[in-house]
Amino acid sequence: MNVIKSLKEMAKIAQEPSNSKNTIGFIPTMGALHNGHLALIRQARKENKRVIVSIFINPKQFTNESDLMKYPRTIEQDVELIQDFVDFIFIPSACEIYPQDFQLSISVGAHTHDLEGEFRPGHFEGMATVVLKLLNIIRPDRAYFGLKDYQQFIVVSQMVKDFNIDTKIIGVPTIREISGLAMSSRNTRLSDKEKEISTRIYGILQKAKSVILNGAQNPQDIEKFVASELVKLPKSKVEYVAVRSLQLAKMKVIESDMVILVAVYIGEVRLIDNIIVPSGIQGADH
Ligand code: AMP
């Protein structure tokens with residue numbers, strides 16, 4: 001395992017003459033690594049000859065300065081945690097990623113006008129811009145994204161399609177604590193009490209899933225039910241609850257496979273989670 005800091009060196013290594021067997025699997029991260037990230041690495045390991053993980057806290061995807069400042073930074077532990085499982089860890093500097101004369105940015109589409117996009121203006125532009133840069137530097141065969149950040153997965157999938165980027169985007173199911181809480185770098189900022197409250201979010205999503213599987217027809221009723229359960233959680237502030245198709249389209253009636261997405265603050269910490277629900281309708285889009 002090697003830690004690479006320079007963009008030029010990373011590009012040179014990644015673009016060494018390859019044959020069809022010498023595939024690269026790439027996992028972009030912002031560090032504070034946990035078992036969720038390890039699941040992405042494990043899948044990349046199975047499917048590629050070489051695995052590269054980047055650690056870069058991307059200032060352009062943070063909506064406010066204080067969130068960026070508070071983001072956990074644990075580089076040494078991160079390297080220790082993953083070094084035996086990856087070939088290269090790419091840790092670029094912000095000034096090399098965004099030199100002084102850096103100007104352009106990716107403009108993201110309709111998928112980002114609401115949900116995370118509504119509450120975090122500029123987030124997806126910043127995320128897509130850095131992901132595009134990293135994909136251009138590394139040119140991986142496959143890049144791995146967690147379905148925990150469902151909308152991000154959809155935006156990145158759309159970006160590689162729209163811009164003819166020759167990387168397959170793979171979505172990896174959400175890894176949870178035994179309690180059901182979706183693993184997240186932000187969980188380290190929860191107090192014990194807040195963590196206990198946060199574990200109930202997934203329980204509410206599971207309850208909504210079973211209501212749908214028992215025949216509920218109206219997505220708005222499900223949204224109301226989930227929101228009403230979330231507001232009952234102590235210290236909670238709900239930002240959104242949405243029942244959408246797998247492509248994030250709004251639905252008038254439940255007629256295809258779907259995803260229920262939520263964003264909720266518990267105390268000062270903003271958490272997102274989602275659950276995928278099959279409609280049970282034959283021919284529903286996947
Ligand atoms: P981050 O470091 O938070 O930007 O995450 C890097 C990648 O890991 C993203 O594709 C996330 O969706 C993914 N990820 C984060 N937490 C989880 C989790 N609990 N399960 C699966 N993937 C995750």
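The values are calculated or read from the model by the stated rules, or taken from the named source; none is laboratory data. Just so we're clear, the structure is a prediction, and the values are computed from it rather than from any experiment. Heads up, the Cβs are rebuilt from the backbone with ideal geometry, glycines too, and the neighbour counts pull from every protein chain shown.
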Determine if the stretch 39-48 includes at least one residue that is touching a Pro at 6+ places or on another chain (Cβ under 9 Å) and under 13 Å from SER185 (Cβ atoms). no
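Going through the stretch 124-144 one residue at a time, which ones are in contact with a Leu (Cβ under 7 Å, 6 or more places away or on another chain) and either within 14 Å of the ligand (Cβ to nearest atom) or more than 22 Å from GLY31 (Cβ to Cβ) (or both)? It would help to see each step written out before you state the result.
Step one: list which residues in the stretch 124-144 are in contact with a Leu (Cβ under 7 Å, 6 or more places away or on another chain), which gives 137, 143-144.
Across the stretch 124-144, the qualifying residues are ALA143, TYR144.
PHE119: more than 16 Å from the ligand (Cβ to nearest atom), over 17 Å from LYS168 (Cα atoms) and surrounded by fewer than 21 Cβ atoms within 10 Å (Cβ to Cβ), yes or no? Talk me through it step by step, then tell me what you get.
Numbers: more than 16 Å from the ligand (Cβ to nearest atom): yes; over 17 Å from LYS168 (Cα atoms): yes; surrounded by fewer than 21 Cβ atoms within 10 Å (Cβ to Cβ): yes.
Yes.
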Neighbours by Cβ (under 7 Å, 6+ apart or cross-chain): first from the stretch 189-216, closer than 26 Å to LYS70 by Cβ; second surrounded by fewer than 19 Cβ atoms within 10 Å (Cβ to Cβ) and hydroxyl-bearing (Ser, Thr, Tyr): THR199/SER179
State which residue is nearest to TYR144 (Cα to Cα) when the search covers only the stretch 28-74 and only residues that are among the polar types (S, T, N, Q), surrounded by 15 or more Cβ atoms within 10 Å (Cβ to Cβ) and within 12 Å of the ligand (Cβ to nearest atom). GLN43
Identify the single condition in (1) touching a residue at least 60 places away in the same chain (Cβ under 8 Å); (2) assigned to a helix (DSSP H, G or I); (3) in contact with a strand residue (DSSP E or B) (Cβ under 8 Å, 6 or more places away or on another chain); (4) more than 28 Å from LYS250 (Cβ to Cβ) that SER54 does not satisfy, given that it satisfies every other one. (2)
I'm checking my understanding of the structure. Among residues of the stretch 145-192 that are in a strand (DSSP E or B) and near the ligand (Cβ under 7 Å from one of its atoms), which one is farthest from THR129 (Cα to Cα)? ARG176
Does PHE102 fit the bill of being under 30 Å from ILE201 (Cβ atoms) and of a type outside the set (Val, Ile, Thr)? no
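Listed residues GLY180, GLY126, GLY109; which is crowded, with 17+ Cβ neighbours inside 10 Å and either under 18 Å from the mean Cα position of the chain (by Cα) or at pLDDT 95 or above (or both)? Write out each step before concluding.
Values: GLY180 fails: crowded, with 17+ Cβ neighbours inside 10 Å; GLY109 fails: crowded, with 17+ Cβ neighbours inside 10 Å.
Testing whether each residue is crowded, with 17+ Cβ neighbours inside 10 Å and either under 18 Å from the mean Cα position of the chain (by Cα) or at pLDDT 95 or above (or both) leaves just GLY126.
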